[in-house]
Amino acid sequence: PEGGSMRTTPFAHQAGGARELRKPVGHGALVAKPCCKREAWFYRNGGPLKQFAPRFHGIKRSDTGVPSVLLEDLTSGYRRPCVLDVKMGVCTAAPDRTAVKQARCKLKDQQTTTGSVGARICGLRTYQVGSGEYVMYDKHWGNQLGFDEFGDGIAKFFDNGSRCRRDLASRFLERLQPIRKMMAEQGMYRFYASSILFIYEGSEER
C-alpha cells in the first residue's frame with residue numbers, strides 16, 4: 001500500500017537506530033520505519049541488495065505525522081528476540097548532508113570504533129534466561145567503546161546470563177559471507193551509516 005495514514009504503537013524490540021520504529025495496528029508482521037526519500041527509494045528499488053533487506057510493503061504516514069516505510073518485522077515469530085544493531089563502514093558522513101552534519105559525523109567517526117574498526121554498535125538487547133529479563137545497551141554505550149573493547153561489546157550480545165552462545169556466533173559469520181561477497185563485487189551503491197541487524201531466539205525452552 002502507498003499513501004494514506006495508519007495508527008501505530010511503540011515497537012518493543014528496537015535495539016538501535018536514530019529514529020523510533022512503530023508497530024502498525026492490525027499488521028502484526030510489519031514495522032513502520034521513518035524514512036527519507038533516498039531510503040524509501042532503496043527499499044523499493046534495491047535490486048540484488050533487496051535479498052539482504054526486510055521485505056518492503058509500501059509507504060504510509062504514521063499517526064506521529066512521519067512518512068514511514070512498511071517493512072517486514074524480522075522479530076515476528078520469535079518468543080524472546082535478541083537484537084544487535086551494528087552500523088557498518090568507516091564513514092557515516094553522506095555527501096548529501098549539510099556541511100554541519102558532515103562535520104559532526106566525521107568527528108564521531110574519528111572518536112568511535114567506526115574509524116578504528118569500521119563498525120559501531122548502535123544498540124543491543126539480549127534475553128537473560130535466569131531472570132527472564134532483557135539487558136540493554138544503547139548507542140551512547142556503543143560510542144564509548146574503544147578498539148580493544150569492541151569484541152567484548154559484541155560478546156555481550158551472545159551472553160544470556162548463563163552461558164555465551166558461541167554456536168550462534170559462528171552461524172552469523174556464515175550468514176555474513178554472502179553480504180561480504182556482494183559488497184566486494186558490486187560497484188553501483190555506496191553506503192553511509194547503514195546497519196546490519198542480528199537477531200536470534202533468546203529462549204532456550206523446548
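For the range 35-74, calculate the relative contact order in percent as a whole number, restricting contacts to Cα pairs under 8 Å that are 6 or more residues apart.
37
For Arg80, what residues show an amide H to amide H distance below 5 Å, using hydrogens built from the backbone and excluding near sequence neighbours?
Gly202, Ser203
Can you give me the convex hull volume of the Cα atoms of the range 1-80, divided per residue and expressed in Å³?
100
For the chain, what number results from the quotient of the Cα radius of gyration and 2.2 N^0.38 Å?
1.05
Filter the trypsin sites (Lys or Arg not before Pro) in the range 83-135 down to the DSSP loop ones having no more than 15 other Cβ atoms within 10 Å, then list what survives.
Arg97
Is there a pair in Lys33/Lys87; Lys37/Lys60; Lys33/Lys108; Lys87/Lys156; Lys106/Lys181; Lys106/Lys139 whose C-alpha atoms are over 19 Å apart, and which pairs would that be?
Checking Cα-Cα distances, Lys33/Lys108; Lys106/Lys181 exceed 19 Å.
Hey, can you find the accessible area per residue of the chain for me, probe 1.4 Å, expressed in square angstrom?
60
Given charges of +1 on the Cβ of Lys and Arg and -1 on the Cβ of Asp and Glu, with all other atoms neutral, how large is the dipole of the chain about its Cα centre, in debye to the nearest 20?
Charge dipole of the chain: 600 debye, to the nearest 20.
Using θ = phi - 60° and the Karplus curve 6.51 cos²θ - 1.76 cosθ + 1.60, what whole-Hz ³J(HN,Hα) does each residue of the range 133-140 get, with Gly and Pro shown as x?
Here the 3J(HN,Hα) series is 10, 9, 9, 10, 10, 9, 5, 5 Hz.
Of the trypsin sites (Lys or Arg not before Pro) in the range 26-63, which ones lie in a loop per DSSP and count no more than 16 other C-beta atoms within 10 Å?
Those that pass, being in a loop and sparsely packed, are Arg55.
In whole percent, what relative contact order does the range 79-206 give with Cα contacts below 8 Å and a gap of six or more residues?
Here the relative contact order equals 38 percent.
Assuming 0.36 nm per residue, please report the length gained on full extension of the stretch Gln51 to Val90 beyond their Cα-Cα distance. Intermediate results must be reported in sequence, preceding the final value.
Numbers: separation 39, 0.36 × 39 = 14.04 nm, distance 2.35 nm.
Value of the extension gain: 11.7 nm.
The values are calculated or read from the model by the stated rules, or taken from the named source; none is laboratory data. Quick caveat, the model's predicted, so the values are computed rather than measured. With ideal geometry, Cβ positions are generated from the backbone for all residues, glycine too; neighbour counts draw on all protein chains shown. Heavy atoms of the whole protein, side chains included, go into the accessibility calculation; ligands, DNA and RNA do not. Shrake-Rupley method; radii C 1.70, N 1.55, O 1.52, S 1.80 Å.
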